[in-house]
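The values are calculated or read from the model by the stated rules, or taken from the named source; none is laboratory data. Predicted, not measured: the structure shown is a model, and the values here were computed from it. Note that each Cβ is placed from the backbone with ideal geometry, even for glycine, and that neighbours are counted across all protein chains shown. Please note that ligands, DNA and RNA were not included when accessible areas were found on the heavy atoms of the full protein model with its side chains. Shrake-Rupley method; radii C 1.70, N 1.55, O 1.52, S 1.80 Å.
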Amino acid sequence: MSEGVVSGAAYEAGELERERFTRLNFKHNFLIMLADSISFQLATSLMSQVTILPLFVREITNSTLAVGLITAIASLGTLLPAIFVAGYIEQKAIQKWYLFIVALIERFPILALSILTPLLGRSNPDLLLWVFFGAWIMHNLAMGLNMPSYFNLFSKVIPPNRRGITWGLGGTIGGLLAILGSSLSGVLLERYGFPDAFALIFFIAFVILFVGILGFPFTRELPSEDVTRHRSILEYLRRAPKVLLEDREFGLFVGAQAIYTLAFMASAFYTAYAIDRFGASPQQVALFTTILMGSNTVANLLYGTLADRRGNKIVLQVAMSSGVIAPLIAAMAPSIEWFYIVFALNGLMIVGSNMGSSNMPLEFAPPGQVPTYSSINMAITAPLRSLVPILGGVIAGYGYAIIFVIAMMAALLALLVTSMLVRDPRFTRSTKL
């Protein structure tokens, strides 16, 4: 049966028919989503914002504030734009074409970096720093404009009890490849140094990211029946707070996530601290990336299985527990070897946080409101997550230990709120499928 024929009758299909269509085409769509997940994981390992990008910036400047801006821009650019486009995306019956076009735009700043890094790295490093942050802003803004569409498509083509394994298997396979990718980064850094090694890293990452999205146009997607009427951005923004007040369970979840943003302050500075405190070499930084990716690999498989069987709340609880322990070890570490444990725990924290905080809004959301719920969660946490690394860059001047204590306490408080006040929507309300 062709996609066009199925789409023509989509609006008359009932929920049972839509569920049947989703399950019938699950394997096909699963492979497309899996390819994107694997490519993203692999590319992320090559230009990790936790290890490789801080090293790149430190080759140009000693500013801790500049290092903090890497994570700040990623958080603000990725999360904040969603609230401004969610209303527009909810009006689109088909998501895949918007998703594909914006994903293309998202990838080309990385290609530009690969070309300009060797040209400016030797002749004008100061200009290269501006170029890097300009490209990084464009890349993350495009990603943010795409997030609601991605989650909407994901919720349409992947059943709730298969979302964890889709994320998890993609992260596991991508993580295994990412170990090789991070090792490749280490080899390139050792052999070519700055700026050529980074130019190669950016180019390889671009190619991987580009190939990963080529399947999006072939997604088998039924047009949405519950497309919303047109709303102005101001009308949409006024409606968002009402959702938090009317849906108490979702409001508590978002509140816990807001607290949790402070826990990510430490992640942005583990590498810088290891360099300043213990003199970590580029090769050791690459090893940190390898450990981080190895941890991601194990975490994705563990969390994916756990999320499908027991819900996403427990995934967040494990991740937040890792967020308590990692900065504690970093603050007390007597030698650089302890940072291998820190980066392993940091991987558990990042993967679990991303999976749990991404999947739970999909299950909180009523039919047709996935972009709204996911974008509200992102919009609330985005300003905080963007300010946290900048704040950390300022605090770093007074000592990294303060950063680690703040992160530890925030993770602990978020863990308590989540455990005591937030219920998993998987078991408290019906889901879309």
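Quick one: net charge of residue 304's neighbours, Cβ under 12 Å, K/R +1, D/E -1?
Numbers: positive: 162, 163, 309, 310; negative: 308.
With Lys, Arg at +1 and Asp, Glu at -1, the neighbours total +3.
With the alpha-carbon atoms as the only input, what is the per residue convex hull volume for segment 345-416 in Å³?
Numbers: hull volume 6.7 nm³, N = 72.
Taking the convex hull of the Cα positions in segment 345-416, it is 94 Å³ per residue.
In whole percent, and with a 1.4 Å probe on the protein chains, what portion of the accessible area of the chain is carbon and sulfur? Intermediate results must be reported in sequence, preceding the final value.
Details: 11740 of 16950 Å².
Ligands and nucleic acids excluded, carbon and sulfur give 69 percent.
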Grab the beta carbon distance between residue 17 and residue 409, set R0 = 35 Å, and tell me the FRET efficiency rounded to 0.05. 0.10
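Translational D (Stokes-Einstein, µm²/s) of segment 67-223 at 25 °C and 0.890 mPa s when Rh comes from the Kirkwood sum over C-alpha pairs? Kindly include the intermediate steps, with their values, before the conclusion.
On the way: Rh = 17.3 Å.
Rounded, D is 142 µm²/s.
Please give the FRET efficiency for residue 332 paired with residue 122, using the beta carbon to beta carbon distance and R0 = 35 Å, rounded to the nearest 0.05. Could the numbers behind the result be given before it?
Working: r = 41 Å, r/R0 = 1.16.
Calculated value: 0.30.
Can you tell me the accessible area per residue over the chain, all protein chains present, probe 1.4 angstrom, in square angstrom? Spell out each step's value before the answer.
On the way: 16950 Å² over 433 residues.
In whole numbers, the chain has 39 Å² accessible per residue.
For the chain, take N as its residue count and report Rg(C-alpha) divided by 2.2 N^0.38 Å. It would help to have the intermediate numbers written out before the result.
On the way: Rg = 21.0 Å, N = 433, 2.2 N^0.38 = 22.1 Å.
The value comes to 0.95.
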When the chain is fully extended, how far beyond the present Cα-Cα distance does residue 218 get from residue 402, taking 0.36 nm per residue of separation? 61.3 nm
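Let me check I have the definition right: for segment 261-331, take the eigenvalues of the Cα gyration tensor, multiply each by 5, take square roots. What are those semi-axes in whole Å, largest first? Write down the numbers at each step before the final one.
On the way: eigenvalues 148, 46, 11 Å².
So the three semi-axes of segment 261-331 are 27, 15, 8 Å.
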Listed residue pairs exceeding 20 Å between alpha carbons, taken from 96/313; 96/156; 92/313; 92/156: 96/313; 92/313
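Starting from the Cα coordinates of segment 287-402, work out the convex hull volume and express it per residue in Å³. Can you show the working numbers first?
Values: hull volume 12.9 nm³, N = 116.
Dividing the Cα hull volume of segment 287-402 by its residues yields 111 Å³.
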J(HN,Hα) series, segment 183-200, from Karplus relation 6.51 cos²θ - 1.76 cosθ + 1.60, nearest Hz, glycine and proline x: 5, 4, 4, x, 5, 5, 5, 5, 7, 10, x, 7, x, 5, 4, 5, 4, 5
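Just round it to a whole percent: the fraction of Cα-Cα distances in segment 72-117 exceeding 13 Å. Don't skip to the end; give the middle numbers.
Working: 715 of 1035 pairs.
Distances greater than 13 Å cover 69 percent of the Cα pairs.
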